[in-house]
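Asks: Just dropping this structure here.
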4 protein chains.
Amino acid sequence: MKIIVGKDETEMANIAAQHVLSYMYTDKRMNLSITGGTSPRKMYEILVPQVKDKPYFSNVHFYNFDEIPYRKEDREGVTISGLREAFFTPANIPEANIHKLDQYNYQTQDERLKQDGGLDMLILGIGADGHYCGNLPGTTKFGDGTCRVENDQRLKDRILPEFDNVVEDVPEYYVTMGPRSVMAAKNLVLIATGTKKAAIIHRILTGEVDENVPATLITLHPNLTIILDEDAAAEIRKHHVI
Amino acid sequence: MKIIVGKDETEMANIAAQHVLSYMYTDKRMNLSITGGTSPRKMYEILVPQVKDKPYFSNVHFYNFDEIPYRKEDREGVTISGLREAFFTPANIPEANIHKLDQYNYQTQDERLKQDGGLDMLILGIGADGHYCGNLPGTTKFGDGTCRVENDQRLKDRILPEFDNVVEDVPEYYVTMGPRSVMAAKNLVLIATGTKKAAIIHRILTGEVDENVPATLITLHPNLTIILDEDAAAEIRKHHVI
Amino acid sequence: MKIIVGKDETEMANIAAQHVLSYMYTDKRMNLSITGGTSPRKMYEILVPQVKDKPYFSNVHFYNFDEIPYRKEDREGVTISGLREAFFTPANIPEANIHKLDQYNYQTQDERLKQDGGLDMLILGIGADGHYCGNLPGTTKFGDGTCRVENDQRLKDRILPEFDNVVEDVPEYYVTMGPRSVMAAKNLVLIATGTKKAAIIHRILTGEVDENVPATLITLHPNLTIILDEDAAAEIRKHHVI
Amino acid sequence: MKIIVGKDETEMANIAAQHVLSYMYTDKRMNLSITGGTSPRKMYEILVPQVKDKPYFSNVHFYNFDEIPYRKEDREGVTISGLREAFFTPANIPEANIHKLDQYNYQTQDERLKQDGGLDMLILGIGADGHYCGNLPGTTKFGDGTCRVENDQRLKDRILPEFDNVVEDVPEYYVTMGPRSVMAAKNLVLIATGTKKAAIIHRILTGEVDENVPATLITLHPNLTIILDEDAAAEIRKHHVI
């Protein structure tokens, strides 16, 4: 495990972008699973001009690791839409290099990934509750592969903002790579910024591995890099973990 | 994960020996942690003549991953003694290439391994109860690194045969690489033979990840190879896991 | 570079077979280019029973690196025929895992290899004149990729025995992976046995890199393993190269 | 081989800096050999603020690959002095992570590198005459390891500017990693900018491998990345090499 602390969110985003690029500058196929949401926004802003229309990145394939479909299923889901907006579209990534996980194909995701040679890297954020991808406390078990999670009311309330608070759009379920699928990636990169993440970062690096704090598991991956800003690193600094 | 089934114990041992050798035929330092006990006896018999006095294996370093000291601490512990008898001594491995874990240095084991470049491969057996190394049900937690485990009466009874049933030799504790330390190895190889292992092999490959069945965790390692004979594979064959 | 010396031809063949196997025991696609001719016969004898009908080797793909077609082109060429007889047929390698190089497709061989992810390992013999694959002195240049070589009378005489001395079968040309293509493999393994190879082994390990001694180039590959028997190692032992 | 073309010198420098960083963001020891001279100046300017005082780069060790000593040997040589000025000093690289090659230790350089685990990456420039490191046409042979090269008058004239045109400082010899030593690195990165390099870039990528054009050899390395700006790529674009 390597822990890297940037001095602020911008430096963190820059380091994270370099990490992603470091997998792209190769001569063989690279399969990268990347995270949506707000935390990597700056990272994508840095990446876009460096990736856009570069023929030497044609070897790089992208995968989303979870998806929340619209209830009516009349358009692409929340995750892939966000990745398109933040990265794929402005960076002009060819459609052939985008491998969608969605409600229609999640049951074959793990097999397809294996056929494609496995994920070389998966970059993920972490929630204050210890969730990553769609692995929220109380949803998936450590042994689960890519699976479907039924939304109870708590989950529906939680994802409502992703649908601009339009209740009718909130679906009955979502799909996500489970802990087993995520651990199968060759390399994991965890990014976090801000004081709201300081406690959970400290928790996963010092406490027990517990299904109720899902990200505790990924600290057991043999090739994990954690990239933080100083705010997110505040608790581990205070307790001399680093 | 790759599952390899040899037709019998001898073929399994041969395949396991080839696996160990495949890490040794390199031009750089290789750190291998190898298992004692009875299951790998045949593997060591196959390895010894191929390894003995070969200058081209000077790059290979060996580590034991657990140790049960004698109560009086008047000699080396059970694990290293067994490895010496089965492998190090007949194969004439130089002392400088043997890195002992024992009751005196276990607290620095994880740091020393990191300094040495990490374990390239750790080969381990599995108990019918799902234990591996010294991680028995009820002893270590998934998050534990190399640690000391206190022997209650149940554990004392269990390890008594290792001391030729001499009660006075049974110690109050043993040391072991914990789940966190084992997961940090770059590659894991799990070997098992015999019908007595068929149920636990099926269990770890199909059921939940559970601290009470310690080896369920290692099925989440991204580079795991499982080598079985047909007897140990009986249940997973029956249930079409492979 | 790692140099391994077995005590005799049988031990050398065993070590070489283990090398090949070490690339096969993985969970991802492996592309191996293997050598025909007489020197690896024992190696294939050792490999066949270990490879035959093993489902866990379905990830392994085989490539020949040169081909001498029959003049009439009424059957498969000499190299692939020899590999079939010595290995593919007795080991029951599925046709889908055999990737033929021949006179019809040699111009796209390098591009196809790149599309397939490149060669993970290429194992080759060496001639007393320093040739390897079809790179004989005076035929290819260091910078050549896979190419066609025209047979002058000297070459025709030389390959005549490959055609059971039937002059009418000897073709006007052959095809071979050139030095550039061979160097592009991730790992090279060179095998040699017998006193007739002692001088050339010494030559390539000590003298200048020279297109007239083609194998001198491959000593510059960053991942080269040389496997010899004591006879082939006689000169380098005498001159304390090892 | 991967060829990357940045639109101008600045983009090229940025890409090159990212390449160097991609080797640094790891959790294990990394041995990097880096180039002095004027071409990588911008690259170092980009690297310095990202590397300075970062504890997470303590795993990275730096090596120079050639050295021109001052004739009086009263101070460090030209290469290491230039690297200190451009990178080591402003980036505050600890002295323990700087491994000097000089006139006193060049004979053991290759053995020391091997002991250190080999070079993970070597980044080099190229001269219009095809030289790289101290391998100028007519000096070293392809088979040479790290060696000493005697300066004839032509060479003395050539390196005079390195000594601010002070003739008395120009030495009788210099030392350099030879072609064999350079090829032994796990990865090579070649950088070039400007129209003056366009012809030689085209030459090494299309013509024969020739000791009189030293860099033709490194195009045979299995892990080579070439980073250019559009000016340096002009000839290969014109001839549709890329």
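Asks: Grab the beta carbon distance between A:A96 and A:K28, set R0 = 22 Å, and tell me the FRET efficiency rounded to 0.05.
Replies: Between A:A96 and A:K28 the formula returns 0.85.
Asks: Right, here's the next one. What are the extents of the Cα atoms of the range B:102-152 along their three principal axes, in Å, largest first?
Replies: Principal-axis extents of the Cα atoms in the range B:102-152, largest first: 33, 23, 19 Å.
Asks: Taking only protein heavy atoms and a 1.4 Å probe, what accessible area per residue, in Å², does the range C:2-237 have with all protein chains in place? List each step's numbers first, then the result.
Replies: Values: 8990 Å² over 236 residues.
Solvent-accessible surface per residue comes out at 38 Å².
Asks: Would you calculate the separation in nanometres between label points at D:K141 and B:E150, each defined as 7 Å from the Cα along the Cα-to-beta-carbon direction?
Replies: In this crude spin-label approximation the distance works out to 7.2 nm.
Asks: Ok, one more. Which whole-number percent is the relative contact order of chain C (Cα, under 8 Å, 6+ apart)?
Replies: 26 percent
Asks: While we're looking at this one, here's another question. Rounded to the nearest Å, what's the spacing between the alpha carbon centres of the range B:130-169 and the range B:184-205? Just the number, please.
Replies: 19 Å
Asks: Please report, as a whole percent, how much of the solvent-accessible surface of the protein assembly as shown comes from carbon and sulfur atoms (probe radius 1.4 Å). The partial results should precede the final answer.
Replies: On the way: 18760 of 38320 Å².
The value for the protein assembly as shown is 49 percent carbon and sulfur by accessible area.
Asks: Next question. For the range A:171-192, which residues drop by 50 square angstrom or more in accessible area between the chain on its own and all protein chains together (1.4 Å probe)?
Replies: Buried by the other chains: A:R180, A:M183.
Asks: OK, next. How far, in nm to one decimal, is D:G118 from itself in the other copies if the label point is set 7 angstrom along Cα toward Cβ? Shortest first, please.
Replies: Label-point separations across copies, in nm and ascending: 1.3, 1.7, 2.0.
Asks: Something else about it: Using a 1.4 Å probe on protein heavy atoms only, how many Å² of accessible area do D and C hide from each other, summed over both chains and rounded to 100?
Replies: Details: alone 11170 and 11160 Å², together 20920 Å².
Using a 1.4 Å probe, the pair buries roughly 1400 Å².
Asks: Would you mind checking the radius of gyration and Dmax of chain B based on alpha-carbon positions, in Å?
Replies: 17.1, 50
Asks: I've got another one for you. May I have the convex hull volume per residue, in Å³, for the Cα set of the protein assembly as shown?
Replies: 183 Å³
Asks: Provide, in order from the shortest bin, the percent of all Cα-Cα pairs of the range D:96-222 in each 10 Å bin, continuing until the bin that contains the maximum pair distance.
Replies: Calculated over all Cα pairs of the range D:96-222, the distribution is 12, 40, 36, 12, 0 percent.
Asks: Placing the label point 7 Å from Cα along the Cα-to-Cβ direction, what are the distances from D:T195 to the equivalent spots in the other copies, shortest first, in nm to one decimal?
Replies: Result, one decimal in nm: 5.8, 6.5, 8.4.
Asks: Report the calculated FRET efficiency for D:A128 and D:N105 (r = Cβ-Cβ distance, R0 = 30 Å), to the nearest 0.05.
Replies: On the way: r = 31 Å, r/R0 = 1.02.
In this case the efficiency is close to 0.45.
Asks: Separate question: Mind listing the Cα extents of the range D:61-127 along all three principal axes, in Å, largest one first?
Replies: 32, 30, 28
Asks: With the label 7 angstrom out along Cα to Cβ, how close does C:R158 come to the same site in each of the other copies, in nm, nearest first?
Replies: Listed shortest first, these distances are 3.6, 6.6, 7.0 nm.
Asks: Given 10 Å bins starting at zero, what is the percent of C-alpha pairs of the range B:1-136 in each, up to the one with the largest pair distance?
Replies: 11, 42, 37, 10, 0
Asks: Would you tell me which residue of chain D has the beta carbon closest to the rotation axis bringing chain D onto chain B, and how many whole Å away it is?
Replies: Here the value is D:G117, 4.
Asks: Which parts of the range B:18-67, residue by residue, lose 50 Å² or more of accessible area when the rest of the protein chains are there, as against the chain isolated (1.4 Å probe)?
Replies: Output list: B:Q18, B:Y25, B:D27, B:Y56.
Asks: Based on Cα positions only, what radius of gyration and what Dmax would you give for the range C:151-220, in angstroms?
Replies: Spelled out, the Cα radius of gyration and Dmax of the range C:151-220 are 15.1, 41 Å.
The values are calculated or read from the model by the stated rules, or taken from the named source; none is laboratory data. Predicted, not measured: the structure shown is a model, and the values here were computed from it. Glycine gets a Cβ as well: all are built from the backbone with ideal geometry, and neighbour counts include every protein chain shown. Note: accessible area is taken over every heavy atom of the protein model, side chains too, but ligands, DNA and RNA are not part of it. Shrake-Rupley method; radii C 1.70, N 1.55, O 1.52, S 1.80 Å.
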